Amino acid sequence: MKKVFTIFTLAVLLMPAAFADEGMWIPMLLGKNQAAMQKAGMHITAKDIYDINNACLKDAIILFNQGCTGEFVSDQGLFLTNHHCGYYYITSNSTVEHDYLTHGFWAMERNQEIPCKGLTATRLVRMENVTNRVLEGVDDKTPEAERERIVKQNIAILSVEAVAGTHYKAVIKPFYYGNQYFMYINEVFTDVRLVGAPPSNIGKFGGDTDNWMWPRHTGDFSMFRVYVGKDGKPANYSKTNVPYKPLKHLDISLKGVDEGDFTFVFGYPGTTQRYVTHDQVDLQALQENPVRIALRDIRLRHYNAAMNQSPAQRLKYASKVASIANGWKKWQGETLGILRLKGVQQKKDQEAAFQAWADKRPEYKNVLRDMGRAYDRLRPIELEWTYFNEAVMASDFMNRAYKLWSMARQTIDNDSLARIECDKLIAANQKYFEDFELHSPVDRAIFVETFLYMWRAGYSPYLDKKGKDEAGVQRMLENIYDKSMLNNHSKYDKFLKSYKAKNWQKVLNDPAVDLFSVAYSYAYTPDKETDYDINRREINRLMRTYVRGMMQQFPDSNFFPDANLTLRVAYGHVQGFRPKDAVYYTPYSTLEGIMEKENPDIYDYVVEPRLKELYNNHDYGRYANAKGEMPVAFIATNHTTGGNSGSPVLNADGQLIGINFDRCWEGTMSDLLFDPNYCRNISLDIRYCLFIIDKFAGAKHLIDEMTIVN
Ligand code: ARG
Ligand code: GLU
């Protein structure tokens, strides 16, 4: 028995095609998955999800700007997405008097809805496989640069032709590393208005502490509405625009889900790297991630300490810290996940099996060897850039040096442009120096410590040259900070006011600008950049061959293409998991857990009085589950990634049961390797969302627009 099991596992491991529950599938080709989906519990058909002749679920899905997903829930253009997706529009429309981030925002009437400048909602009209037309004029012998040129040209022509005479926009994207191309015909809406958002201690409950974690209790949703011109077509904001009537909006189910129930996620996953070789897994998860994490540790330590000192400092650093911490935490999970899975070895085993197959096939014989060589050339450059981005570009101080330096470089010979740019810097300084006393110690410490870290790691030869010991380097860095005019308001202003383009080199007299420019020219030399491009292009070409080879090696497998911010379907089951020995996570959380976490002294865990009142009165209305609990979030085995935020989570009947907003930390390696034992997406239970809108905010008129099925 044991032997059979081992052989079976090995065969599965050596096959790069998808595991059960793994995959982000192309809606147009979902017919291929239909049997499996129905076997897994789905009651509807692939055509109910994607159909170009009839309104279908895809008409209810939108791409929210270029990085999140949303779904229509009313016939008047109302849609849901995450709070963290709407975050910018919530904060940028807030003032001290109307702080929507803190207190939430609910438009009680249509005319209170807030136009969001620049925000777009994109609906897929239809998609098409255009591989043959994109690759017209290309064959196996076409040199790579020539191929790129032809492909680019074909895409340009095709995407104009395809939408001529319509108000649609066409996007063409490579799949399977350029083995295939699909065209997306889109309708882009440009009048999108903020309708509602819970207070941040609901919408961001748990903050960065709980981010990427289960159990989770974040009410991560916000609501917007699409408006169109009187003709029903997309139009820029105008008072006379009317709510858009989508071809389809989602039915909402209050039935909820139980462990084992089928679910699917329909949205816009951004990037995955499922088919890369061990070189990339090793470089990213075992070499780059640790560097990024360590350097972000330094920044986070200082920002967090500052944030705990005063509300003003908390506000100042909140969004900066949210974005630094998001990657920092995800990468830790990713690296641990890869180590747990022995991901590099797993990839090597797959590659060995591929090589055995390829040895007899000249077309594929050398692809892995050449890939290894390209990575050997790429690796040192990539690592240097990681240091440069996470250390040099990470401190506000160096960023300001960078701004002055690039102003000088870009305005050589152009005094009037220099004047304009200097005035911008003067204005920025005004703001910067307002609370200089408060943030300067933080900036200084971050600058000194990140550079020291880089020096210790041997990645800053421009510091090494000065032949100092660690204390000496530290003193030198402190001196640079203290002596730089960038930290002296009147001196820096004076410099900018009298700045002359022809004397641009004078900026280099400042020790900070000098340091930056040396670091920059060390990291970015024309040779390195060219080498990087050549090797990345080469790797891309080799990946195209390698992936094509794998598809031939396993002709019976259904390979899903890596995510590329196009509409996809992922499906799986509601399921708990064992993150570590002796611990089992059940698949859903409740309001009970919010009260358990409540701590008025910890910012992330403050609970709104009104929410407590509802809790104490058990006033959940029709939104409670069968046990009388108020469900908040649930986890499932759907394969998702960044960009899937805000995606609808649907049940076997295609009804909305949740809004995707995160993944469990232990499974964040799923961008590289999926493990059904650990990979879980986290969704907001739609019943909690409706409960907050209805019971908490009293915005029943919004609920009345929706189609709720029981
Ligand atoms: N981890 C989620 C994502 O990748 C949520 C990020 C925003 N929330 C936060 N606490 N930083 O986008
Ligand atoms: N929060 C992520 C987003 O903004 C989704 C989490 C993930 O990476 O799966 O898309």
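The values are calculated or read from the model by the stated rules, or taken from the named source; none is laboratory data. Since this is a predicted model, take the numbers as computed values, not measurements. When we count neighbours, we look across all protein chains shown, and the Cβ atoms used for this are built from the backbone with ideal geometry, even at glycine.
Numbers for the structure displayed
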| quantity | calculated |
| --- | --- |
| Hey, P199 at pLDDT 95 or above and closer than 30 Å to I692 by Cβ or not | yes |
| Which listed residue, of G658, G654, G642, G646, is surrounded by fewer than 24 Cβ atoms within 10 Å (Cβ to Cβ), within 16 Å of ligand 1 (Cβ to nearest atom) and touching a residue at least 40 places away in the same chain (Cβ under 8 Å) | G642 |
| Given (1) under 30 Å from V242 (Cα atoms); (2) modelled with pLDDT of 95 or more; (3) aliphatic (A, V, I, L, M), index of the condition V138 fails | (1) |
| Meets criteria (touching a Cys at 6+ places or on another chain (Cβ under 7 Å) and not β-branched (V, I, T)) for Y100 | no |
| Matching option when the condition is farther than 19 Å from D210 by Cβ and among the β-branched types (V, I, T), among T590, T637 | T637 |
| Checklist (1) at pLDDT 95 or above; (2) within 16 Å of ligand 1 (Cβ to nearest atom); (3) buried (at least 20 other Cβ atoms within 10 Å of the Cβ) applied to V321, failing item | (1) |
| Residue, nearest to L542 (Cα to Cα), within region 128-146, restricted to residues that are free of Cβ contacts under 8 Å to residues at least 12 places away in the same chain and surrounded by 12 or more Cβ atoms within 10 Å (Cβ to Cβ) | T142 |
| Output for region 55-73, where each listed residue is of a type outside the set (A, V, I, L, M, F, W, C) and crowded, with 23+ Cβ neighbours inside 10 Å | K58, T69, G70, E71 |
| Selection status of A374, within 16 Å of ligand 1 (Cβ to nearest atom), in contact with an Asp or Glu (Cβ under 9 Å, 6 or more places away or on another chain) and not charged (D, E, K, R) | no |
| Residue among M398, M393 that is part of a helix (DSSP H, G or I), in contact with a Phe, Trp or Tyr (Cβ under 6 Å, 6 or more places away or on another chain) and either without any contact (Cβ under 8 Å) to a residue 60 or more places away in the chain or within 25 Å of N289 (Cβ to Cβ) (or both) | M398 |
| Unique match (being within 21 Å of V507 (Cα to Cα) and over 33 Å from the mean Cα position of the chain (by Cα)) among A408, A428, A401 | A408 |
| Selection from region 219-237 of residues that are outside any loop (DSSP other than H, G, I, E, B) and either out of contact with any His (no Cβ under 8 Å at 6 or more places or on another chain) or more than 16 Å from ligand 2 (Cβ to nearest atom) (or both) | M223, F224, R225, V226, Y227, V228, P234 |
| Residue check, K360 of a type outside the set (V, I, T) and either under 14 Å from E666 (Cα atoms) or within 16 Å of ligand 2 (Cβ to nearest atom) (or both) | no |
| Failed item, numbered, when S498 is tested on (1) under 33 Å from the mean Cα position of the chain (by Cα); (2) farther than 26 Å from K316 by Cα; (3) free of Cβ contacts under 8 Å to residues at least 40 places away in the same chain | (1) |
| Lone qualifier among R622, R578 - being under 30 Å from Q273 (Cβ atoms), touching a residue at least 12 places away in the same chain (Cβ under 8 Å) and surrounded by fewer than 16 Cβ atoms within 10 Å (Cβ to Cβ) | R578 |
| Sole residue being over 17 Å from I202 (Cα atoms), within 16 Å of ligand 2 (Cβ to nearest atom), modelled with pLDDT of 95 or more and not in a loop (DSSP other than H, G, I, E, B), chosen from G70, G86 | G70 |
| Qualifying positions in region 142-173 - more than 21 Å from T120 (Cα to Cα), not β-branched (V, I, T) and not in a loop (DSSP other than H, G, I, E, B) | E144, A145, E146, R147, E148, R149, K152, Q153, N154, A156, L158, E161 |
| Exclusive hit being among the small types (G, A, S) and more than 22 Å from G104 (Cα to Cα), set G658, G654, G593 | G654 |
| Residue in region 512-532 that is at pLDDT 95 or above, of a type outside the set (G, A, S), touching a Leu at 6+ places or on another chain (Cβ under 7 Å) and buried (at least 18 other Cβ atoms within 10 Å of the Cβ) present | yes |
| Among (1) in a strand (DSSP E or B); (2) over 17 Å from T81 (Cβ atoms); (3) not acidic (D, E) - the single one N201 does not satisfy | (1) |
| Selection within region 242-260 - surrounded by fewer than 20 Cβ atoms within 10 Å (Cβ to Cβ) and either within 22 Å of the chain's Cα centre (by Cα) or over 30 Å from I338 (Cβ atoms) (or both) | V242, P243, K245, L247, K248, D251, L254, K255, D258 |
| Complete set of residues in region 238-296 that are assigned to a loop (DSSP other than H, G, I, E, B) and among the β-branched types (V, I, T) | T240, V257, T271, T272, V276, T277 |
